[in-house]
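Q: If you scroll down you'll find the structure; I have some questions about it.
The values are calculated or read from the model by the stated rules, or taken from the named source; none is laboratory data. Everything numeric here is computed off the predicted structure, so don't read it as measured data. Positions of Cβ are generated from backbone atoms using ideal geometry, with glycine treated the same way; all protein chains shown enter the neighbour counts.
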Amino acid sequence: MTVTRQGVRRPRQRAPEVRTGETVLRATIEYDGTRFRGWQAQINARTIAGAVNEAIRERLGNGVKMHGAGRTDAGVHAFGQVASLHLPPGVVPGPPERLRRDINDLLPPDINVLSLREAPPGFHARHDARLRTYRYRFSRRRTAFGKPFVFWVKDTLAVDRMAGAVSALPGRHDFHSFCENPEGHDSTLVDVAFAEVLVPPEAPELVLFRIGASHFLWKMVRRIVGTLVEIGTGRLPPAEMDRLLTERSSRTAPWTAPPSGLFLESVAYPGVAPPAAVPPLRPAF
């Protein structure tokens, strides 16, 4: 079941910041986030951005600034994270494809730059993004190969109840109840473009939850998923999702799903063809 909303409001488009002589590259990156403390570079923590920045510095020197489209949390994966690389004047990267291969040679095996190309001046991966899509994978059976990339729910999941619950998500809502540390955000309002729960015909014991929005709050998707599990198992009524969206209180949704099943699926930009669909069984199931 897919739920969409037409005319979703988007964040105000900022004027491009163009620095004289600056080259901007757009990178699409996939990664297994299991061994990392999230995307954002941190002191004394192993992160995706930290590893990519280290490879870039070794290849191009200091001064390159990188911005990611989504700050995925610890243990969260990505099929198509997008990053903008802002090269200062005087840095000559060479052919993008050769640079991509060189950077990949310097990266650990669980991070891979899928594509690297020159972007328009002023392109910013985070500010220019119009739609971010996340995918969460539930397994209804034990799996030897897919364990690091699913949430195995041993209780019976009623997919129809879950699909009914996600119908409350599209639109502009206050996701305060689904946010870790909401006081740390300027606003907890989010425009959700679509939400769906589906079962791939080729894998009936796999359940996918997909959601696309203007942006996401800290742990927002994992708390929505945790609530969906409670609804799917019958421990909560489907109407609980709508209640958490409409009745603001200091008590947030207490159910947080593990990061293992969560993937940043894609990031969409105006004037750019949408990314190719990700096969439902990827990675191994």
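Q: Against the conditions (1) surrounded by fewer than 18 Cβ atoms within 10 Å (Cβ to Cβ); (2) closer than 30 Å to Leu114 by Cβ, where does Leu228 fall short? Just the number, please.
A: Going through the list (1) surrounded by fewer than 18 Cβ atoms within 10 Å (Cβ to Cβ); (2) closer than 30 Å to Leu114 by Cβ, Leu228 breaks only (1).
Q: Go over the candidates Gly7, Gly38 one by one and state the one that is modelled with pLDDT under 95 and either surrounded by fewer than 21 Cβ atoms within 10 Å (Cβ to Cβ) or closer than 25 Å to Tyr136 by Cα (or both).
A: Gly7
Q: Find the residue count for region 177-191, including only residues that are surrounded by fewer than 21 Cβ atoms within 10 Å (Cβ to Cβ), in contact (Cβ under 8 Å) with a residue 40 or more places away in the chain and either among the aliphatic types (A, V, I, L, M) or not in a loop (DSSP other than H, G, I, E, B) (or both).
A: Total satisfying the criteria: 2.
Q: Next question. Which members of region 128-175 meet the condition of being part of a helix (DSSP H, G or I), out of contact with any Pro (no Cβ under 9 Å at 6 or more places or on another chain) and of a type in the set (Phe, Trp, Tyr)?
A: None - no residue of region 128-175 is part of a helix (DSSP H, G or I), out of contact with any Pro (no Cβ under 9 Å at 6 or more places or on another chain) and of a type in the set (Phe, Trp, Tyr), so the list stays empty.
Q: Against the condition touching a strand residue (DSSP E or B) at 6+ places or on another chain (Cβ under 8 Å), touching a residue at least 60 places away in the same chain (Cβ under 8 Å) and buried (at least 16 other Cβ atoms within 10 Å of the Cβ), how does Phe194 come out, does it pass?
A: Judged against the criteria, Phe194 is a match.
Q: Right, here's the next one. So which residues in region 141-172 are of a type in the set (Ser, Thr, Tyr) and over 17 Å from Leu236 (Cα atoms)?
A: Thr143
Q: Would you point out which residue out of Ala273, Ala257, Ala277 is aliphatic (A, V, I, L, M) and more than 16 Å from the chain's Cα centre (by Cα)?
A: Ala273
Q: Which of the following residues is of a type in the set (Gly, Ala, Ser), in a strand (DSSP E or B) and not assigned by TED's automatic domain parsing to the domain that holds Glu180: Ala83, Ala125, Ala41, Ala74?
A: The unique qualifying residue is Ala83.
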